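Enquirer: Next up is a structure, given as structure tokens.
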There are 2 protein chains.
Amino acid sequence: MAALRAELARRGLSGLVVPRADRHQDEYLPACEERLAWLTGFTGSAGAAIVLSDRAVLFVDGRYTIQARQQADASLFLIEHLIENPPDRWIETNLASGDQLAYDPWLHTVEGAERIRKACAAAGATLIATERNLIDEIWTDRPSPPLGAVTLHALRFAGEPAEHKRERIASELAILRADALVISDPHAVAWTFNIRGADVAHTPLPLSFAIVPRQDRPSIYIDGRKLSNEVRSHLETLAEVRPEGAFEKALTALGRQKLRVRIDQATAADALASLIRSASGTLLPGPDPTALMKSVKNEVEIAGARAAHIRDGAALVRFLAWFDDRAAAGGLSEIEAVEALESFRREGGLLKDISFPTIAGAGPDGAIVHYRVTLGTNRPISAGELFLIDSGGQYEDGTTDVTRTIAVGEPSAEMRERFTLVLKGHIAIARSVFPDGTTGAQLDSFARRSLWEAGLDFDHGTGHGVGSYLSVHEGPARISKLGATALKRGMILSNEPGYYKTGAYGIRIENLVLVVEARGVAGAEKPLNAFDTLTLAPIDRRLVVTEMLSGEETGWLDHYHARVLATLSPVLDTATTAWLTAATRPLGLR
Amino acid sequence: MAALRAELARRGLSGLVVPRADRHQDEYLPACEERLAWLTGFTGSAGAAIVLSDRAVLFVDGRYTIQARQQADASLFLIEHLIENPPDRWIETNLASGDQLAYDPWLHTVEGAERIRKACAAAGATLIATERNLIDEIWTDRPSPPLGAVTLHALRFAGEPAEHKRERIASELAILRADALVISDPHAVAWTFNIRGADVAHTPLPLSFAIVPRQDRPSIYIDGRKLSNEVRSHLETLAEVRPEGAFEKALTALGRQKLRVRIDQATAADALASLIRSASGTLLPGPDPTALMKSVKNEVEIAGARAAHIRDGAALVRFLAWFDDRAAAGGLSEIEAVEALESFRREGGLLKDISFPTIAGAGPDGAIVHYRVTLGTNRPISAGELFLIDSGGQYEDGTTDVTRTIAVGEPSAEMRERFTLVLKGHIAIARSVFPDGTTGAQLDSFARRSLWEAGLDFDHGTGHGVGSYLSVHEGPARISKLGATALKRGMILSNEPGYYKTGAYGIRIENLVLVVEARGVAGAEKPLNAFDTLTLAPIDRRLVVTEMLSGEETGWLDHYHARVLATLSPVLDTATTAWLTAATRPLGLR
């Protein structure tokens, strides 16, 4: 902090905004981009800081208030609520007239920078873009950027040649009346060129940029050290392969040609937009068209997802059988459970990585939605508790994400009632039928209706999109009141309603679902869609109050369980199959 | 057209935009504001025209394509789709570089004008604001502005003194950090000062503007001829009463004082904003804060609504009983039905007006969502048809809006099935329970779920807000995928799912509902709300397939019918009570 303040003083600046962000607005940051954590100590997945000469403030959301107090030095940082009193509002009321606030234009989107700029203007202050990042100037032991090897994502997994994707992008650009697309999101680069990388945790991203002109050859901007000769020569058949340092010049060149350039409003950095605009290009901010294309899985990706879910389901069932046995014996801890599940997943030899840090919460830990067990919080799983485990795998043929809530010992009547309400919401989504054009926002409340009737709810969306050996949180579709994208056949989303009782227990039931055509509806006047559940693992019968379910709901669960058993028993050992047979028997059977 | 083109040529202008709008963006226009109808012949409720020297185009939405072709001269006007190819897009592709397009800045909102200005710029053309409206310049027999008498809306109907409302507005302005509010919506003027008017059809609006400063005295801008001495002297206790002509100067004065002025983005004219801005005021565009206050009815307004619904329900039941008898005899026409219903409503002596033109569609006419019967379309109501009647009344204590679909003779199995699906949606909304903060968008799909499962849907929102002796379509809350406003206790909305089979029949079941606290939910963790149905009239049992209803749904309908009977029979004659007793008997009874 002292070094930063000295640097600010030396440059005649009043302060600096430090977001938790890299140049791609990635969810998982490489170590060299963890500037906020380095400066403040706070390691949560969302936040920002503002450092002035006499004060500094750390912004975190409701999930992280406690963690921020523990990690950040209270003598240095005030803690503010990221949503209720966001940086722009804070700037408006706390900056003085004439103040000069610095920011790194590569770490803020165009809209994000505009919000801060307006707030500065309202306070009579000025927002100043710095040429180099000021934290990097003083961060002497800053890690090097990651150099994860890029791999080719084979056609038997991708299902569509990169050349064909490139044609589809060109058609989209014609519709958008754009001359070129700047791809600032590495997920989109990965999808467009059928490559994967290893630069960040849990998502096989190759940190990189690309430019796809409507007519000319595309170009990729990536550190050449990540490319083997084989990968490079394959990539060169698709695009010009250039060093990352050439990206800024390429943006200026787009501008100089006075092109109409589509940039992705969600991930394109303010600096990127400035380079094009100041060279006289026209910006067309909007969704990156590859995002929607990527979210609609093709037949090969869908077959891959099904295969991955059988493999992942088998690992999960072996874990669940093991867990029942070990938890009953007592003394099992959250960390042991996480490690066991991961080793079951690894045993097949096809797991590339887990798809996100496993959430494994016993009792009250289960009520913390984004709980991540550490040595400090590790808890024994005791009888009478619920255990919530949310986990997933990255396989080359698909990405998985599944949550189960398990009774340890005898659950209370309240636990069973509330589990059943969550289950009714889960089934309402799983069974829903909806016309073409329906958005996730229009389905979200189906997951809540039964909870609402009991005066309960859950404070997160019902579902998010999932990538194909890519991000486990993939846009643009989601099932949430903010889900404005129409659900299309081939999209994979999670279905994960929950209920959380602070200090007591958490419940979440999550399966991945595929949007498919709903067939056989006599007299239907519109193309209809429905969900096909991909995830294969039993839902804990011991937590279901059968009398609270309608005939259709009971039928859904029994049918789902029969399918889990039929699909997985061929790939399980006899003992696990015996456990699964009991765990999936119809609700009517004791 | 010739006169207009001569006028344009004389002024060196390339063309003119003619919206269907007045200075308040009102839904119902006085005759003097029907410029689009005068110019084109088209009388629909939404549209616009653009007249160039060599071409003219009329924009209408899907509801009005046929009507526009019938009414507008095809040799003069091309017809374009208002939504799919809106005026701004048309301008972008059809105007030539250097063109000067004229518009009246009082007839476009700030955002609307901005859209057209951008489109002109994209075509290399310029948008020119005219001092006077160019249609008015050539419209020699233009009607005079309406001079409907203003009345005081008594406290026994309004429930809150205007002085108190003024204090609440001042508090809101403090929160918004605004120095003054410009009220451009006459509904808001009416609510703020507890007055009503008679300037347009069906809504008791006093066409007027107002300015409410945070600290000083408010002012109303209204034609003084509408004010009796009594009304004027009462209004003068609340505000400065000024002629409409003084409004422009007052806006300039706000600007000169460099005030921060809240203007309503939905209704404030571009001219209004320009006057404030060019005099150095700061505009704070956003929702008029009185819109939300007005939508939450107080205890007196709620009691008024209940009383109005008993009165209106009795009239409707007398009509329904009469209709059953007359329709069975044969030969009854849509117009006769409309007239009969209106006379039943008038008999009580308290009806001020119907709240909108009655929609009465027999057979295929019922499938036209905004059908308005004319001598040309009038149809006999025949056996085997459905008859849809959507109507409402304006009473001083409340505004009503109700739709019933009635079987004439023997309905088909398909009609009964689809009616029952619509009914299931209606009941799903009526029975819904939801936490504080839930928006109408979150409830809308409950009305559609059963229809979706059968491959059916309806192409309008499920419900709109309703005023208290004000507009039958009142914002900001609505039950629709666009309903972003949280539903608050005291709001009155319609619950009106439907189903329309083009060329065959239409079904809609509409009741008004009041948002109330949901009490008695054991273990509720959140403040809960529910709907209390206000409308009192039987739903046609002959169209219900009882086996398709769940126990809860049957229970809701039987309970509703029992309440209708118990509430209305004391105010009905013996014969009508006998009819109602049969019409409301439990579903289980034949």
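The values are calculated or read from the model by the stated rules, or taken from the named source; none is laboratory data. These figures come from a predicted structure and were not determined experimentally. Cβ atoms come from the backbone with ideal geometry, glycine included; neighbour counts cover every protein chain shown. Only protein heavy atoms, including side chains, enter the accessible area calculation; ligands, DNA and RNA are left aside. Shrake-Rupley method; radii C 1.70, N 1.55, O 1.52, S 1.80 Å.
Enquirer: Give the number of residues within region A:24-51 that are buried (at least 21 other Cβ atoms within 10 Å of the Cβ) and either of a type in the set (Asp, Glu) or in a helix (DSSP H, G or I) (or both).
Expert: 5
Enquirer: What's the total number of residues in region B:62-79 that are touching a strand residue (DSSP E or B) at 6+ places or on another chain (Cβ under 7 Å) and in a loop (DSSP other than H, G, I, E, B)?
Expert: Here the count works out to 3.
Enquirer: How many of the residues making up region A:391-400 are in contact with a Gly (Cβ under 7 Å, 6 or more places away or on another chain) and either surrounded by 24 or more Cβ atoms within 10 Å (Cβ to Cβ) or in a strand (DSSP E or B) (or both)? Lay out the reasoning, then the answer.
Expert: In the first step, residues of region A:391-400 are kept if they are in contact with a Gly (Cβ under 7 Å, 6 or more places away or on another chain); the result is A:397-400.
In the following step, the residues that additionally are either surrounded by 24 or more Cβ atoms within 10 Å (Cβ to Cβ) or in a strand (DSSP E or B) (or both) were identified as A:398-400.
Residues in region A:391-400 being in contact with a Gly (Cβ under 7 Å, 6 or more places away or on another chain) and either surrounded by 24 or more Cβ atoms within 10 Å (Cβ to Cβ) or in a strand (DSSP E or B) (or both): 3 in total.
Enquirer: Testing residue B:447 on (1) more than 10 Å from chain A (Cβ to nearest Cβ); (2) among the aliphatic types (A, V, I, L, M); (3) in contact with a strand residue (DSSP E or B) (Cβ under 7 Å, 6 or more places away or on another chain), one condition comes back false. Which one is that?
Expert: (3)
Enquirer: Let me ask something else. Condition check: more than 16 Å from residue B:80 (Cα to Cα), open to solvent by less than 50 Å² (accessible area, probe 1.4 Å), modelled with pLDDT of 95 or more and in contact with a Leu (Cβ under 9 Å, 6 or more places away or on another chain). Does residue B:21 satisfy that? Spell out how you get there, then give the answer.
Expert: Details: more than 16 Å from residue B:80 (Cα to Cα): yes; open to solvent by less than 50 Å² (accessible area, probe 1.4 Å): yes; modelled with pLDDT of 95 or more: yes; in contact with a Leu (Cβ under 9 Å, 6 or more places away or on another chain): yes.
Yes: the conditions hold for residue B:21.
Enquirer: Then there is this: When you go through (1) touching an Asp or Glu at 6+ places or on another chain (Cβ under 6 Å); (2) surrounded by 24 or more Cβ atoms within 10 Å (Cβ to Cβ); (3) free of Cβ contacts under 8 Å to residues at least 40 places away in the same chain one by one for residue A:219, which number turns out not to apply?
Expert: In the conditions (1) touching an Asp or Glu at 6+ places or on another chain (Cβ under 6 Å); (2) surrounded by 24 or more Cβ atoms within 10 Å (Cβ to Cβ); (3) free of Cβ contacts under 8 Å to residues at least 40 places away in the same chain, residue A:219 misses (2) alone.
Enquirer: Could you please let me know if residue B:508 is crowded, with 19+ Cβ neighbours inside 10 Å, in contact with a His (Cβ under 7 Å, 6 or more places away or on another chain) and more than 12 Å from chain A (Cβ to nearest Cβ)? Reasoning before the result, please.
Expert: Numbers: crowded, with 19+ Cβ neighbours inside 10 Å: yes; in contact with a His (Cβ under 7 Å, 6 or more places away or on another chain): no; more than 12 Å from chain A (Cβ to nearest Cβ): yes.
Here the answer is no, as residue B:508 does not meet what is asked.
Enquirer: Could we say that residue A:376 is surrounded by fewer than 23 Cβ atoms within 10 Å (Cβ to Cβ) and away from every other protein chain (no Cβ under 11 Å) here? Show your work before the answer.
Expert: On the way: surrounded by fewer than 23 Cβ atoms within 10 Å (Cβ to Cβ): yes; away from every other protein chain (no Cβ under 11 Å): yes.
Taking the combined requirement at face value, the residue satisfies it.
Enquirer: Look at residue B:96 and say whether it is under 23 Å from residue B:41 (Cα atoms), part of a loop (DSSP other than H, G, I, E, B) and of a type in the set (A, V, I, L, M).
Expert: Values: under 23 Å from residue B:41 (Cα atoms): no; part of a loop (DSSP other than H, G, I, E, B): yes; of a type in the set (A, V, I, L, M): yes.
For residue B:96, the condition - under 23 Å from residue B:41 (Cα atoms), part of a loop (DSSP other than H, G, I, E, B) and of a type in the set (A, V, I, L, M) - is not met.
Enquirer: Consider residue A:452 against the criteria (1) crowded, with 20+ Cβ neighbours inside 10 Å; (2) free of Cβ contacts under 8 Å to residues at least 12 places away in the same chain; (3) in contact with a Gly (Cβ under 8 Å, 6 or more places away or on another chain): it satisfies all of them except one. Which criterion is unmet?
Expert: The single condition residue A:452 does not satisfy is (3).
Enquirer: Return the residue satisfying two criteria in turn: it lies in region B:455-476 and is of a type in the set (Asp, Glu) and more than 10 Å from chain A (Cβ to nearest Cβ), and of such residues it is least open to solvent (accessible area, probe 1.4 Å). It would help to see each step written out before you state the result.
Expert: Residues of region B:455-476 that are of a type in the set (Asp, Glu), as a first pass: B:457, B:459, B:474.
Within this subset, residues satisfying the condition of being more than 10 Å from chain A (Cβ to nearest Cβ) are B:459, B:474.
Numbers: B:459: 155, B:474: 14 Å².
Checked region B:455-476; the qualifying residue least open to solvent (accessible area, probe 1.4 Å) is B:474.
Enquirer: To continue, here is another question. What are the residues in region A:535-590 that are farther than 12 Å from residue A:314 by Cβ, free of Cβ contacts under 8 Å to residues at least 24 places away in the same chain and of a type in the set (Val, Ile, Thr), if any?
Expert: A:574, A:581
Enquirer: Just to be sure I understand, how many residues within region A:97-117 are more than 18 Å from residue A:287 (Cα to Cα), open to solvent by 20 Å² or more (accessible area, probe 1.4 Å) and among the aliphatic types (A, V, I, L, M)?
Expert: The total comes to 0.
Enquirer: A further question follows. Going residue by residue through region B:429-438, is there one that turns out to be more than 11 Å from chain A (Cβ to nearest Cβ) and under 22 Å from the mean Cα position of the chain (by Cα)?
Expert: Yes, region B:429-438 has at least one match.
Enquirer: Please state which of the following conditions residue A:367 fails to meet, knowing it meets all the rest: (1) within 14 Å of chain B (Cβ to nearest Cβ); (2) touching a Gly at 6+ places or on another chain (Cβ under 6 Å); (3) crowded, with 22+ Cβ neighbours inside 10 Å.
Expert: Every listed condition holds for residue A:367 apart from (3).
Enquirer: Which residues, taken from region A:487-503, are away from every other protein chain (no Cβ under 11 Å) and either in contact with a strand residue (DSSP E or B) (Cβ under 9 Å, 6 or more places away or on another chain) or closer than 16 Å to residue A:461 by Cβ (or both)? Spell out how you get there, then give the answer.
Expert: Within region A:487-503, the subset away from every other protein chain (no Cβ under 11 Å) is A:487-498, A:503.
Within region A:487-503, A:487, A:488, A:489, A:490, A:491, A:492, A:493, A:494, A:495, A:496, A:497, A:498 meet the criteria.
Enquirer: If I filter region B:187-214 down to residues being small (Gly, Ala, Ser) and open to solvent by 20 Å² or more (accessible area, probe 1.4 Å), which single residue comes out as modelled with the highest pLDDT?
Expert: Start the filter on region B:187-214 by keeping residues that are small (Gly, Ala, Ser), which leaves B:188, B:190, B:197-198, B:201, B:208, B:210.
Still in the running and open to solvent by 20 Å² or more (accessible area, probe 1.4 Å): B:198, B:201.
Details: B:198: 96, B:201: 91.
Here the answer is B:198.
Enquirer: Here's a follow-up. Return yes when residue A:513 is within 29 Å of residue B:421 (Cβ to Cβ), more than 14 Å from chain B (Cβ to nearest Cβ) and buried (at least 19 other Cβ atoms within 10 Å of the Cβ) and no when it is not. Give the steps one after another, and end with the answer.
Expert: Values: within 29 Å of residue B:421 (Cβ to Cβ): yes; more than 14 Å from chain B (Cβ to nearest Cβ): yes; buried (at least 19 other Cβ atoms within 10 Å of the Cβ): yes.
Taking the combined requirement at face value, the residue satisfies it.
Enquirer: Starting from region A:145-172, take each residue that is over 22 Å from residue A:307 (Cβ atoms) and list its partners that are of a type in the set (Gly, Ala, Ser) and surrounded by fewer than 15 Cβ atoms within 10 Å (Cβ to Cβ), counting only C-beta distances under 8 angstrom and pairs at least six apart or across chains.
Expert: A:146/A:31; A:149/A:228; A:150/A:228
Enquirer: Looking at the structure I just gave you, is residue A:170 more than 17 Å from the chain's Cα centre (by Cα), among the hydrophobic types (A, V, I, L, M, F, W, C) and at pLDDT 95 or above?
Expert: Values: more than 17 Å from the chain's Cα centre (by Cα): yes; among the hydrophobic types (A, V, I, L, M, F, W, C): yes; at pLDDT 95 or above: yes.
Judged against the criteria, residue A:170 is a match.
Enquirer: Any residue in region A:527-544 that is part of a helix (DSSP H, G or I) and either polar (S, T, N, Q) or open to solvent by 10 Å² or more (accessible area, probe 1.4 Å) (or both)?
Expert: If we filter region A:527-544 for residues that are part of a helix (DSSP H, G or I), which is where we start, we get A:541-543.
Add one more test, that the residue is either polar (S, T, N, Q) or open to solvent by 10 Å² or more (accessible area, probe 1.4 Å) (or both), and what stays is A:541-542.
Yes: region A:527-544 contains one or more residues that are part of a helix (DSSP H, G or I) and either polar (S, T, N, Q) or open to solvent by 10 Å² or more (accessible area, probe 1.4 Å) (or both).
Quick grid of which residues meet (1) closer than 30 Å to residue B:523 by Cβ; (2) assigned to a loop (DSSP other than H, G, I, E, B):
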{"residue": "A:458", "(1), (2)": "yes, yes"}
{"residue": "A:464", "(1), (2)": "yes, no"}
{"residue": "A:470", "(1), (2)": "no, yes"}
{"residue": "A:478", "(1), (2)": "yes, no"}
{"residue": "A:488", "(1), (2)": "no, yes"}
{"residue": "A:499", "(1), (2)": "yes, no"}
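Enquirer: Just give me the residues in region B:251-280 being of a type in the set (Gly, Ala, Ser), open to solvent by less than 20 Å² (accessible area, probe 1.4 Å) and either at pLDDT below 95 or within 30 Å of the chain's Cα centre (by Cα) (or both), in sequence order.
Expert: Result: B:268, B:269, B:271, B:273.
Enquirer: Mind checking which residues of region B:506-532 are closer than 19 Å to residue B:446 by Cβ and acidic (Asp, Glu)?
Expert: Filtering region B:506-532 for residues closer than 19 Å to residue B:446 by Cβ gives B:507-516, B:518, B:521, B:526, B:528-532.
Selection gives B:510, B:532.
Enquirer: For the subset of region A:118-156 comprising residues that are touching a strand residue (DSSP E or B) at 6+ places or on another chain (Cβ under 6 Å) and of a type in the set (Ser, Thr, Tyr), which member is surrounded by the most Cβ atoms within 10 Å (Cβ to Cβ)?
Expert: The extreme case among them is A:151.
Enquirer: Another question about this same structure. Can you pull out every residue in region A:449-484 that is within 25 Å of residue B:531 (Cβ to Cβ) and of a type in the set (S, T, N, Q)?
Expert: A:450, A:462, A:480
Enquirer: Residue A:252 passes all but one of (1) out of contact with any strand residue (DSSP E or B) (no Cβ under 9 Å at 6 or more places or on another chain); (2) of a type in the set (Ser, Thr, Tyr); (3) under 22 Å from residue A:33 (Cα atoms); which number fails?
Expert: (3)
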